[in-house]
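To keep things clear, I will list the structure first and then write my remarks on it.
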Amino acid sequence: MKSIKEIYRIGTGPSSSHTMGPRQAAREFLNRAPEGAAAYEVTLYGSLAATGKGHMTDLAIIETFNDAGKEVKIEWLPDVFLPYHPNAMLFKALDPDGNILFDMTVYSVGGGAIKIDGDAESESKDIYPMNKLTDILEYCERTGKCYWEYVEECEGPGIWDYLHEVWEVMKAAVERGISREGRLPGPLNLRRKATQYYVKATGYRDNLKSRGLTFAYALAVSEENASGGVIVTAPTCGSCGVIPGVLYHLWKSRDLPETRVLRALATAGLIGNVVKQNASISGAEVGCQGEVGVACAMAAAAANQLFGGSPAQIEYAAEMGLEHHLGMTCDPVCGLVQIPCIERNAYAAARALDANIYSSFSDGVHRVSFDKLVNVMRETGHDLPSLYKETGTGGLAKDYQQM
């Protein structure tokens, strides 16, 4: 497995696959393309084309070219799917006669990561020797180590500086989001709700207050993402509110030291990494179970660790967080990361806390392992028709016009 830095990417919303990935792809293409091209073209395929306008894919690419002093023409082919991944792009540099000087096919594979066709060297190196949570759990039980210690062992001590930066960005997104009101961008005319939930939550007694604040914090980050604000993929932009919603609430309400929060982030990143390695975190590939479902699993594991869970209980909490999102479709209305995405983040944050509590009452022994569940999630995602995988044509998005 690769570094958890690829699970936690700092950037701007609203979509890791449709905004962050294409922006990075455009930069990489411009770095490689020969000088002196007369024109540039980009063709967007499949899910990337189907919901690209709502996700601001075109703006991300155009801005990147404009920053380099260049113009670009974009072609949209939502009904054409390339074999490797549903989110595909073809970049071309043309001479004055329209002949191709250089071209590059790039796939946005989820969480802001890209894969350049035919270029194995562009991929980062594996640093984790174990790819299955069952193996990592057995290692922790045998050595007496925690999951976060395994992360440090593989990543090196420098991971804590990176996770500190991640935590600072997460906190800032929560705090901006709960102070802002008004309308989110786009044709849905959706109002921000985080401030309203925060104010209402503070008026309740402890139990409802706790749940309401979790909702508010998750909504805050998701609304920041929807408006193009700076957030952290966890594991994607579309699911970026779940982990901050849980961790910010526990940090504030229990006066946790930052060290413990960073260790919880490390464990959560390990959970997301296992899914990314063995299945997918791309909504275009496996549906929203790979985004919000995985975020719920990550947050449940982090919460359980903070509440003193054993490695087996942490694994169980993660398993429940993902299991109860199996089959969840990715069907963004109008291609925007707003409906149902924002609400799903808030609800998944609450579900993560429930999974933590349920696991805490157990001894961590259960029949379906996290690894087995990841395999089922991958198979379920592949069985979903494409209209339920970020194309904006099925499910809740049906009958809504694209922008």
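The values are calculated or read from the model by the stated rules, or taken from the named source; none is laboratory data. Keep in mind that what you see is a predicted model, and the values were worked out from it rather than measured. As a convention, Cβ positions derive from the backbone with ideal geometry for all residues, glycine included, and neighbour counts pool all protein chains shown. These area figures cover heavy atoms from the full protein model, side chains too; ligands, DNA and RNA do not enter into them. Shrake-Rupley method; radii C 1.70, N 1.55, O 1.52, S 1.80 Å.
Roughly how many Å² is the accessible area per residue of segment 168-324, as a whole number, for a 1.4 Å probe? Present the calculation step by step, with values, prior to reporting the outcome.
Values: 5140 Å² over 157 residues.
Spelled out: the 1.4 Å probe surface of segment 168-324, per residue, equals 33 Å².
Just how much of residue 71 is accessible, in Å², when a 1.4 Å probe is used and the result is rounded to the nearest 10?
About 140 Å², rounded to the nearest 10.
So what's the angle, to the nearest 10 degrees on a 0 to 90 scale, between helix 133-143 and the longest Cα principal axis of the chain?
40 degrees
Helix 370-383: angle to the longest alpha-carbon principal axis of the chain, degrees 0 to 90, nearest 10?
Relative to the chain, helix 370-383 is tipped by roughly 30 degrees.
With a 4.7 Å Cβ cut-off, tell me which Cys residues in the chain come up empty for a partner.
140, 146, 154, 237, 240, 296, 334, 341 - these cysteines have no disulfide-compatible partner (Cβ-Cβ under 4.7 Å) in the chain.
Work the Kirkwood hydrodynamic radius out for segment 245-403: mean of 1/r over every pair of different alpha-carbon atoms, inverted, in Å. Before the final figure, lay out each step's value.
Working: mean 1/r = 0.0632 Å⁻¹.
With all distinct Cα pairs of segment 245-403 included, I get 15.8 Å.
Name the residues whose placed amide hydrogens come within less than 5 Å of the amide hydrogen of residue 85, ignoring near sequence neighbours (fewer than 5 apart) on the same chain.
none
Given a 1.4 Å probe and heavy atoms of the protein chains only, how would you sort 81, 91, largest accessible area at the top?
Numbers: 81 90, 91 0 Å².
So, going from the largest accessible area down, we get 81, 91.
So if I take the centroid of the Cα atoms in segment 259-301 and the same for segment 336-403, what is the distance between those two points in Å?
Between the Cα centres of segment 259-301 and segment 336-403 lies a distance of 11 Å.
Working from the alpha-carbon coordinates of segment 88-130, get Rg over Rh, Rh being the Kirkwood radius.
Numbers: Rg = 14.6 Å, Rh = 12.5 Å.
Taking Rg over the Kirkwood Rh, I get 1.17.
For segment 1-88, what is the accessible area per residue in Å² when the probe is 1.4 Å? Kindly include the intermediate steps, with their values, before the conclusion.
Working: 3560 Å² over 88 residues.
Accessible area per residue: 40 Å².
How high is the relative contact order of segment 208-289? Use alpha-carbon pairs under 8 Å, at least six apart in sequence, and give a whole percent. Don't skip to the answer; put the middle values down first.
Details: 59 pairs, mean separation 20.1, N = 82.
The normalised contact order for segment 208-289 reaches 24 percent.
How long, wide and thick is the chain, going by the Cα atoms along their three principal axes, in whole angstroms, largest first?
69, 47, 39
Using a 1.4 Å probe on the protein chains only, how many percent of the accessible area of segment 338-403 belongs to carbon and sulfur?
Details: 1970 of 3650 Å².
C and S atoms contribute 54 percent here.
Before anything else, pin down the relative contact order of segment 167-208: Cα pairs under 8 Å, at least 6 apart, normalised by residue count, whole percent. Each step should come with its number before you reach the end.
Values: 23 pairs, mean separation 11.7, N = 42.
The value is 28 percent.
Accessible area per residue for segment 330-370 in Å², computed with a 1.4 Å probe and the full protein assembly in place, what is it? Show your work: numbers first, answer last.
Details: 1780 Å² over 41 residues.
Roughly 44 Å² per residue, with all protein chains present.
Just to confirm the number: angle between the C-alpha axis of helix 57-67 and the first principal axis of the chain, 0 to 90 degrees, nearest 10?
Roughly 60 degrees between the two axes.
Over every pair of different alpha-carbon atoms in segment 1-150, take the mean of 1/r and invert it; report that Kirkwood radius in Å. Write out the running numbers ahead of the final one.
On the way: mean 1/r = 0.0590 Å⁻¹.
Computed over Cα pairs of segment 1-150, the Kirkwood hydrodynamic radius comes out at 16.9 Å.
If you stretched the chain out fully between residue 357 and residue 252, how much longer would it get, using 0.36 nm times the residue separation minus the C-alpha to C-alpha distance? Write down the numbers at each step before the final one.
Details: separation 105, 0.36 × 105 = 37.80 nm, distance 1.86 nm.
Here the segment from residue 357 to residue 252 would lengthen by 35.9 nm.
Distance check, please: which entries in 193/398; 2/389; 73/171; 70/171; 5/209; 171/200 exceed 27 angstrom between their Cα atoms?
Details: 193/398 24 Å; 2/389 25 Å; 73/171 38 Å; 70/171 36 Å; 5/209 33 Å; 171/200 20 Å.
Distance filter (> 27 Å) returns 73/171; 70/171; 5/209.
Add -39500 (n - 2.57) for each DSSP H run of 4 or more in the chain, then divide by its residues: what number comes out at 222 nm, to the nearest 500 deg cm²/dmol? Kindly include the intermediate steps, with their values, before the conclusion.
Values: 15 runs with 197 residues, N = 403.
Calculated at 222 nm, the ellipticity per residue is -15500 deg cm²/dmol.
Eigenvalues of the Cα gyration tensor times 5, then square-rooted: what semi-axes does that give for segment 94-244, in whole angstrom, largest first? Numbers along the way, then the final one.
On the way: eigenvalues 244, 182, 29 Å².
Computed over segment 94-244, the values are 35, 30, 12 Å.
Given an 8 Å cut-off on Cα distances and at least 6 residues of separation, report the relative contact order of the chain as a percent.
Numbers: 884 pairs, mean separation 77.4, N = 403.
The value is 19 percent.
Counting only protein heavy atoms and a 1.4 Å probe, tell me what percentage of segment 220-259's accessible area is made up of carbon and sulfur. Mind showing how you got there, number by number?
Working: 440 of 980 Å².
Percent of accessible area from carbon and sulfur atoms in segment 220-259: 44.
Sort 291, 75, 123 from largest to smallest accessible area, using a 1.4 Å probe on the heavy atoms of the protein chains.
On the way: 291 20, 75 90, 123 70 Å².
Descending accessible area places them as 75, 123, 291.
Would you mind telling me the share, in percent, of accessible area of segment 1-125 contributed by carbon and sulfur at probe 1.4 angstrom?
Summing carbon and sulfur atoms, their accessible area is 46 percent of the total for segment 1-125.
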